[in-house]
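The values are calculated or read from the model by the stated rules, or taken from the named source; none is laboratory data. Treat the numbers as computed from the prediction; the structure is a model and nothing was measured. All Cβ positions, even for glycine, are placed from backbone atoms using ideal geometry, and neighbour counts span all protein chains on display. These area figures cover heavy atoms from the full protein model, side chains too; ligands, DNA and RNA do not enter into them. Shrake-Rupley method; radii C 1.70, N 1.55, O 1.52, S 1.80 Å.
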Amino acid sequence: GWFDASTNLLYQNDELDEVTFGGNTRTRVWDVSDLENPVLVNEFGAGVPSIDHNLYTRDGFIYQANYRSGLRIFDARTDPVNPIEVGFFDTFAADDAPEFNGAWSVYPYFPSGNVILSDIEGGLFVLDPKYALNGGTPLEYAFPNGLPDVVPPAGQAVQVRITGANGFSVAPGT
């Protein structure tokens, strides 16, 4: 578990509950403002059955390693009792089963904002989460003529309109 910045809330997960009891990953939110009487105030998750593991908080975000479903990032700034998932990076693409493969831990405290993710099979990943932390992907895609149902083996031209999002700019014609 890890405290929020105020140290009034504790975000806590159990590495074995998905294996022992089934169900999806869940993180518990405890009000620990009175250490003699902690109160469970909510549970949240990413909706996948993978095993949750190490989690850390920084600047109102929760960074959680979830073995076979990778890094999960939750935004707790607006509602710290009910954080919402804003990003993920899956290092074990085969599945999200509750097994001990994939992302083991995460470290979100570099001054650059980069996050490192250690993966049992895949090694070390260095990630830049700024688009997840700022509301989503850096680009928006539109298909003015729609997407084809089937692309022939020789290929097919598809018109795509790409625009910047979240402060990311795209030069015309690129």
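Of ARG58, ARG28, ARG161, which has the most accessible area and how do the rest follow, probe 1.4 Å?
From most accessible down to least: ARG161, ARG58, ARG28.
Can you compute the charge dipole magnitude of the chain about its Cα centre, using +1 on each Lys and Arg Cβ and -1 on each Asp and Glu Cβ, nothing else charged? Give it in debye, rounded to the nearest 20.
Rounded to the nearest 20 debye, it is 700 debye.
Please calculate how many Å² of accessible area the chain carries per residue, with a 1.4 Å probe and no DNA, RNA or ligand atoms counted.
Here the residues of the chain average 57 Å² of exposed surface.
In the chain, which longest range has no chymotrypsin sites (Phe, Trp or Tyr not before Pro) that are both DSSP loop (not H, G, I, E or B) and surrounded by at most 14 other Cβ atoms within 10 Å? Walk me through the numbers on the way to the answer.
Values: sites that count: PHE100, TYR109, PHE168.
That would be 1-99.
Can you give the relative contact order of the chain as a percent, counting alpha carbon pairs under 8 Å and 6+ residues apart?
Relative contact order here is 13 percent.
Using a Gaussian network model of the chain whose springs link C-alpha atoms within less than 10 Å, name the residue from ASN37, ASN114, ASN82 with the highest mean-square fluctuation.
Comparing ASN37, ASN114, ASN82 in the GNM, the peak value goes to ASN37.
Among (1) 66, 34, 28; (2) 47, 33, 31; (3) 111, 25, 21, which one is Cα extents along the principal axes in Å computed from these coordinates?
Label (1) holds the value from this structure.
In the chain, carbon and sulfur make up what percent of the accessible area (probe 1.4 Å)?
Working: 5500 of 9910 Å².
So the carbon and sulfur contribution to the accessible surface is 56 percent.
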